[in-house]
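Colleague: Sharing a structure here in structure tokens format.
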Amino acid sequence: MTSSTDTQPTPDEARALLASAGSYGRSATAGAGWPAVTFLLGNGAASSLGTIAMTLAASTAGYFVSMVAMLAWMGVMMGFLIAFNRSTKVGFGKRWTVYLTAWLVPYIIAMMVAGSSDGQNILGGSIAAAVLLVSSVSCAVWEARK
Amino acid sequence: MSSHNGHYPDTGAAEGDPGVQHPRHRISELIHQPVRFSILASLASAETLDFKDLRDTVQVTDSALSKQISTLEEAGLVAVTKAFVGKRPRTSLRLTPQGRLDWAEHLRVLREIAGG
């Protein structure tokens, strides 16, 4: 393939450039999503299991131990995300807002259920934990497929 | 070379052929340079790219990459953000809105050429 000048590609060169453009794009973002996926799964697991533990806790001490353990893991996940989420795929900012909202709304409801349970509302706590699980896994799968 | 549409040559008619101009005359020299083309192709599919990730993709030295990024930044096609995570410096890159427009236009011109 030759061209008359460097800035005037032949049709074959143009096709090769278009193919390479797609290849560069895929290569550059191939590993970009995994820290966010890891965060979504880990944060979902911590908040879901934490909800169950706090719901089942019959004492104030048990409730706070469960809450501290949950918050500790959520903090670890956040630190991991900040440290390793260097590159992001196009549209990540908008998707991230959706992911956080999809987790935060059921999380607030779950904390209200767990906070008023006093070891009694096992069904409510289980449902809240299940919603957190489904929400987090759905967001993680969505991001992993991007 | 710069025109109303970012860094593209004026799309007026070629001399002696009013109203018709071969798309190869509309290729942006700024974007067509191989390393800069690779940089923009990589950034186009990302919201932000870390300098190291971009370097590994484009496969050039740090200094060569920095030089081309500076050219693109001066042209307003790429935005560079420097920050620290702990004690480690982190340089993030992204296409500006003008950069996305110019890149899309460049691909459109290439498709026209590829179509014969």
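A short reminder: the numbers here are calculations on the coordinates, not readings from a lab. What you see is a predicted model; the values in this text were computed from it and never measured. For neighbour counting, all protein chains shown are included, and Cβ atoms are generated from backbone atoms with ideal geometry for every residue, glycine included.
Colleague: Counting only other residues whose beta carbon sits under 11 Å from that of B:Val78, what net charge do I get with K and R as +1, D and E as -1?
Modeller: Values: positive: B:Arg36, B:Arg94, B:Arg100; negative: B:Glu73, B:Glu74, B:Asp102.
In short, 0.
Colleague: Looking at the range A:50-94, which trypsin sites (Lys or Arg not before Pro) are in a loop (DSSP not H, G, I, E or B) and have at most 15 other Cβ atoms within 10 Å?
Modeller: On the way: sites: A:Arg86, A:Lys89, A:Lys94; in loops: A:Arg86.
Counting only loop positions with at most 15 other Cβ atoms within 10 Å, none of the trypsin sites (Lys or Arg not before Pro) in the range A:50-94 qualifies.
Colleague: Cα-based Rg of the range A:1-136 per 2.2 N^0.38 Å, rounded to two decimals?
Modeller: 1.63
Colleague: Here's another thing I want to ask about it. Quick one: Cα centre-to-centre distance for the range B:24-90 and the range A:46-112, in angstrom?
Modeller: Using only Cα atoms, the two centres lie 35 Å from each other.
Colleague: Any idea what angle helix A:34-56 forms with the longest principal axis of chain A, computed on alpha-carbon atoms, 0 to 90 degrees, nearest 10?
Modeller: 10
Colleague: Compute the angle between helix A:60-84 and the longest alpha-carbon principal axis of chain A, please, reported from 0 to 90 degrees and rounded to the nearest 10.
Modeller: Result, in degrees: 10.
Colleague: Let me ask something else. Tell me, what is the percent relative contact order of the range A:34-145, built from C-alpha pairs under 8 Å that lie six or more residues apart? Working shown, then result.
Modeller: On the way: 130 pairs, mean separation 52.7, N = 112.
Over the range A:34-145, the number comes to 47 percent.
Colleague: In the protein assembly as shown, how does Rg compare with the Kirkwood Rh, expressed as the Rg/Rh ratio over alpha carbon atoms? Each step should come with its number before you reach the end.
Modeller: On the way: Rg = 25.1 Å, Rh = 21.4 Å.
For the protein assembly as shown, the value is 1.17.
Colleague: Residue farthest toward the positive end of the dipole of the range B:23-114, with Cβ of Lys/Arg at +1 and Asp/Glu at -1: which of B:Thr81, B:Ile31, B:His106?
Modeller: Of the candidates, B:Thr81 comes out farthest on the positive side.
Colleague: Separate question: Limiting things to C-alpha atoms, what are the Rg and the maximum Cα-Cα separation (Dmax) for the range B:23-114, in angstroms?
Modeller: When restricted to the Cα atoms of the range B:23-114, Rg and Dmax are 13.6, 49 Å.
Colleague: Just rank B:Arg108, B:Arg100, fewest to most, by other beta-carbon atoms within 10 angstrom.
Modeller: Values: B:Arg108 11, B:Arg100 17.
Lowest to highest Cβ neighbour count: B:Arg108, B:Arg100.
Colleague: Additional query: Kindly write out, for the range B:55-68 in residue order, the coupling ³J(HN,Hα) from the Karplus curve 6.51 cos²θ - 1.76 cosθ + 1.60 (θ = phi - 60°), rounded to whole Hz, with x marking Gly and Pro.
Modeller: 4, 5, 6, 7, 6, 10, 6, 4, 5, 5, 5, 4, 4, 6
Colleague: Could you list, in their original order, any pairs among A:Lys94/B:Lys67; B:Lys52/B:Lys87; A:Lys89/B:Lys82 whose Cα atoms are separated by more than 26 Å? Intermediate values should be presented prior to the final figure.
Modeller: Working: A:Lys94/B:Lys67 31 Å; B:Lys52/B:Lys87 16 Å; A:Lys89/B:Lys82 19 Å.
Those over the limit are A:Lys94/B:Lys67.
Colleague: If you don't mind, there's one more thing I want to ask. Between rounded, prolate and oblate, where does the range A:83-146 land on the alpha carbon gyration tensor, with a ≥ b ≥ c its root eigenvalues, rounded for a/c under 1.5, else prolate if a/b exceeds b/c?
Modeller: On the way: a/c = 3.29, a/b = 2.68, b/c = 1.23.
The shape class here is prolate.
Colleague: Sticking with this structure for a sec: Quick one: angle between helix A:92-115 and the longest Cα principal axis of chain A, in degrees between 0 and 90, rounded to 10, please.
Modeller: So the inclination is approximately 10 degrees.
Colleague: Each residue of the range B:87-100 in turn: what ³J(HN,Hα) in whole Hz from Karplus with 6.51, -1.76, 1.60 and θ = phi - 60°, glycine and Pro shown as x?
Modeller: So the J values, rounded to whole Hz, are 9, 8, x, 9, 10, 10, 10, 8, 6, 7, x, 5, x, 5.
Colleague: Oh, and also: Length gain on complete extension for the stretch A:Val105 to A:Ser126, per 0.36 nm per residue less the alpha carbon to alpha carbon distance? If you can, show how the numbers build up before the last one.
Modeller: Numbers: separation 21, 0.36 × 21 = 7.56 nm, distance 1.60 nm.
Stretched fully, the A:Val105-A:Ser126 segment lengthens by 6.0 nm.
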